[in-house]
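Right, one structure below, let's go through it.
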Amino acid sequence: FSPEQIDRLEPMQLLVIINPFSGRKNGQKLFQNIARPMFDLAGAVIVQEVITERQGHAKEFVETFDLTSITGIVLASGDGIVYEVINGLMARPDWETAIKTPIGLIPTGSGNALVSSLLYEADEEVHTCAIENAVFQIINGGIKQHDIASVCNSSSHSYIGVVIHWGMTGIVDVESEKLRFLGGKLRNLIGGLVCIVMKRSYYGQLSYLPIEEDETKSPLTEAEGSIHSTNTLKPTTDVGVSDPIPEHWKTIEGNFVIFMALTSSHVTENDMMCAETKTGSGKFKILYTFDDVTRGQLLAKLSESTGAVKIENFHEIHTRAFRLNPISPCIITVDGEQIDYGPIQVQMHPGMMRLYSR
Ligand code: ADP
Ligand code: MG
């Protein structure tokens with residue numbers, strides 16, 4: 001037996017965090033009606049159930065919770081609570097072990113990118129019975145490593161586990177909030193269509209560490225731009241947001257329409273952007289378009305469901321570290337949450353977190 005399999009012989013002891021505001025504000029009902037009976041049947045023990053009361057509550061809760069009383073954390077939410085929980089665990093004095101707590105994801109939000117990517121990778125149905133399939137993944141007890149990344153701007157440092165948006169898709173994330181009652185699919189579709197019709201572009205610069213698509217994960221070397229030694233300290237970006245760009249990095253600039261940095265295949269359950277981008281790969285796939293992209297090409301990407309068709313004027317970069325210097329103001333979101341506007345320095349920390357996955 002591997003240590004992972006031995007873990008499975010013990011009943012799961014779970015902390016469950018439910019965002020009642022997620023999706024069509026029915027996260028709690030979906031958890032109680034679909035997920036809870038499945039956990040009960042599987043003999044999983046729910047040690048504590050937390051219903052989040054406001055933004056930031058999940059982060060604060062996991063910052064002080066006694067993790068020795070549980071074997072894993074289950075989140076019934078969208079990607080926003082994943083972001084909060086990663087940051088709560090990383091804010092603890094025992095962050096090094098806390099971030100290794102297995103996390104299970106149940107898609108009750110309007111943006112369920114990470115769990116949709118996991119289901120897709122496990123050949124599970126993402127669109128129908130996604131909640132049931134997600135609970136099966138957790139009960140099954142298999143564990144997979146996933147990456148987190150540091151995002152630093154001039155005033156803050158946070159960790160992400162899903163996706164960074166700037167430009168059109170950042171606007172869809174934030175501006176479609178008022179369409180929450182429609183559910184994730186319609187909300188993102190209408191938001192996306194409005195943005196395609198307007199097709200605004202935003203001037204900016206992207207500097208990145210070039211790597212090969214099949215390059216295996218390893219920390220940045222000094223030649224790649226490592227400035228600070230972070231061996232025993234909490235991981236952060238080796239290059240500071242106001243440091244000069246390392247010589248070996250590449251820079252592109254122009255009027256961006258789309259900019260997204262993906263850690264996995266999906267950006268919502270209905271939008272698979274890159275079928276081959278896998279969780280835990282140790283690198284980002286940056287997908288971007290400049291303003292020479294046509295509305296037809298944008299629409300083709302929006303309606304393309306395999307994530308595998310290459311569409312002209314959509315460009316891809318593989319990297320483990322980058323700086324985005326957004327010169328024209330436009331919303332930046334990390335895991336679906338808006339952050340302060342300005343340059344960001346981003347760096348992957350491969351395999352730092354663990355997710356329940358078949
Ligand atoms: P969705 O995918 O539907 O956007 P998320 O899980 O990403 O769902 O959460 C959306 C936002 O809801 C997050 O910013 C989160 O902090 C916030 N939130 C959590 N609990 C509550 C609550 N009780 N009322 C309002 N907002 C909340
Ligand atoms: Mg969200």
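The values are calculated or read from the model by the stated rules, or taken from the named source; none is laboratory data. Because the structure is predicted, anything quoted here is derived from the model rather than measured. When we count neighbours, we look across all protein chains shown, and the Cβ atoms used for this are built from the backbone with ideal geometry, even at glycine. For the accessible areas, the whole protein counts, side chains as well, though only heavy atoms, and no ligand, DNA or RNA atoms are used. Shrake-Rupley method; radii C 1.70, N 1.55, O 1.52, S 1.80 Å.
Laid out as a table, the results:
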{"quantity": "Neighbour net charge for A91 - beta-carbon separation under 13 angstrom, K R +1, D E -1", "calculated": "-2"}
{"quantity": "Long-range Cα-Cα pairs in the range 151-351 (distance over 24 Å), rounded percent", "calculated": "38 percent"}
{"quantity": "Fraction in percent of alpha-carbon pairs per bin - 20 Å, the chain", "calculated": "31, 59, 9"}
{"quantity": "Between helix 130-140 and the chain: long-axis angle, C-alpha atoms, 0 to 90°, nearest 10", "calculated": "60 degrees"}
{"quantity": "Among beta bridges that DSSP assigns inside the chain, antiparallel share in %, nearest 5", "calculated": "75 percent"}
{"quantity": "Simple label model, 7 Å out from Cα along Cβ direction - R200 to K234, nm", "calculated": "3.3 nm"}
{"quantity": "Relative contact order computed over the range 151-351 (Cα-Cα under 8 Å; 6+ residues apart), in percent", "calculated": "33 percent"}
{"quantity": "Relative packing of peptides 272-282, 109-119 - highest average C-beta neighbours within 10 Å first", "calculated": "109-119, 272-282"}
{"quantity": "With all protein chains modelled, accessible area of S305 [1.4 Å, Å²]", "calculated": "90 Å²"}
{"quantity": "Loop-resident sites, the range 131-213, for trypsin sites (Lys or Arg not before Pro), counting at most 15 other Cβ within 10 Å (DSSP)", "calculated": "K199, R200"}
{"quantity": "The range 53-103 and the range 280-337: distance between their alpha carbon centers, rounded to Å", "calculated": "29 Å"}
{"quantity": "Aspartates and glutamates with Cα under 13 Å of K185, excluding same-chain neighbours fewer than 8 positions away", "calculated": "D173, E177, E269, D271"}
{"quantity": "Using a Förster distance of 35 Å, the FRET efficiency for H157-N33 (Cβ separation, nearest 0.05)", "calculated": "0.35"}
{"quantity": "Full-extension gain in nm, E212 to Q48, via 0.36 nm per residue minus C-alpha separation", "calculated": "54.6 nm"}
{"quantity": "Mean accessible surface per residue for the chain, computed with a 1.4 Å probe while every protein chain stays in place, in Å²", "calculated": "42 Å²"}
{"quantity": "Computed FRET value (nearest 0.05) for E132 with N255, which takes r as the C-beta separation and R₀ as 30 Å", "calculated": "0.10"}
{"quantity": "Area accessible to solvent at K29, 1.4 Å probe radius, in Å²", "calculated": "140 Å²"}
{"quantity": "Computed helical MRE - 222 nm, the chain, DSSP H runs ≥ 4 contributing -39500 (n - 2.57), nearest 500", "calculated": "-7000 deg cm²/dmol"}
{"quantity": "Portion, in percent, of the accessible area of the chain that falls on carbon or sulfur, probe 1.4 Å", "calculated": "53 percent"}
{"quantity": "The chain, relative contact order [Cα under 8 Å, separation at least 6], %", "calculated": "23 percent"}
